[in-house]
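Visitor: Okay, here's the structure, questions in a sec.
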Amino acid sequence: MKDSLKRIVGRLKKYGWAILIICLAMPILGWFMPIGNNNGQSEYSSEAIIKLGNYENSYLTNADQLVSLLSNETSFKKILPDVWEEGITEELTVSVTPSKLVVLNITGDDEQIVDRLSELENAIMKLDQSAYEEKSEIIESSIQALESANASSDAIVDQERFLYELKTERLGLEPAMLIKEAYLKGQIQEASAKDRVVLGALLGILASVLILITPELIRAHSK
């Protein structure tokens with residue numbers, strides 16, 4: 001033990017300048033690290049989950065297409081002009097789960113992001129309901145037209161087949177479903193410059209200690 005202390009002291013004298021540089025450099029690096037912000041502000045996250053419907057729409061029932069459209073400023077503004085605002089795609093993250101659920105997530109610096117996400121989810125659901133009803137009306141009108149038509153004996157088989165296909169499609173129609181309404185998912189406290197300096201100083205001290213004692217630990221382990 002006494003020999004170990006002598007070696008550690010000797011190592012401290014030999015590498016003292018390097019250890020001093022490390023202890024001074026780490027807090028400085030912490031100050032300039034581009035992580036978080038200098039005010040230590042909180043960042044909030046809000047999430048909503050939507051199960052898309054089934055009625056053969058080019059994008060409202062296609063998860064990948066919807067994600068692509070909502071991730072682009074121009075297409076977002078085109079399909080949802082009422083809730084579009086400058087820079088919304090930078091705050092909004094849209095993803096798809098393995099089960100094809102669409103997850104909407106907005107981040108911001110206050111809890112009002114829940115209201116903003118709620119407006120977005122409502123706009124999507126309103127657009128979906130309109131498209132779903134339009135598709136339903138088209139199928140229903142087609143069914144009524146076929147049922148009221150007087151088909152010839154040669155065409156009656158085709159008529160019955162078309163009716164069956166339309167009625168089957170009608171049974172499979174589903175509008176989108178809101179699985180989880182917008183809620184405050186979490187709050188992330190970003191590190192202030194002061195916090196990063198303190199963390200840097202602690203890491204510098206830890207690194208210095210490791211430089212001094214690691215050879216002794218290796219020596220003890222090899223015996």
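Derivation of every value follows stated rules applied to the coordinates shown; laboratory data play no part. Given the structure is predicted, the values throughout are model-derived calculations rather than measurements. We place every Cβ from the backbone using ideal geometry, glycine too, and count neighbours over all the protein chains shown.
Visitor: Extending each Cα 7 Å along its Cβ direction at E160 and L203, get the distance between those two points in nm, one decimal.
Guide: Spacing of the two 7 Å Cα→Cβ label points: 7.7 nm.
Visitor: While we're on this one: With r as the distance between the Cβ atoms of D115 and I143 and R0 = 41 Å, compute the FRET efficiency 1/(1 + (r/R0)^6) and round to 0.05.
Guide: Approximately 0.45, to the nearest 0.05.
Visitor: Work out from phi, with θ = phi - 60° and the Karplus expression 6.51 cos²θ - 1.76 cosθ + 1.60, the ³J(HN,Hα) of each residue of the stretch 95-100, listed in order in whole Hz, and give x for Gly and Pro.
Guide: Calculated HN-Hα couplings, in order: 9, 10, 7, x, 8, 6 Hz.
Visitor: Further question: Let's test the formula: R0 of 45 Å, r as the Cβ-Cβ distance of S68 and I218. What FRET efficiency results, to the nearest 0.05?
Guide: Here the calculated transfer efficiency is 0.25.
Visitor: For the stretch 120-131, just list the computed ³J(HN,Hα) in residue order, Karplus coefficients 6.51, -1.76 and 1.60, θ = phi - 60°, integers in Hz, with x standing in for Gly and Pro.
Guide: With coefficients 6.51, -1.76 and 1.60, one gets 5, 5, 5, 5, 5, 5, 5, 5, 5, 4, 5, 5 Hz.
Visitor: Give, in nm to one decimal, the length gained when the segment between L178 and K78 is fully stretched (0.36 nm per residue of separation minus the Cα-Cα distance).
Guide: 33.8 nm
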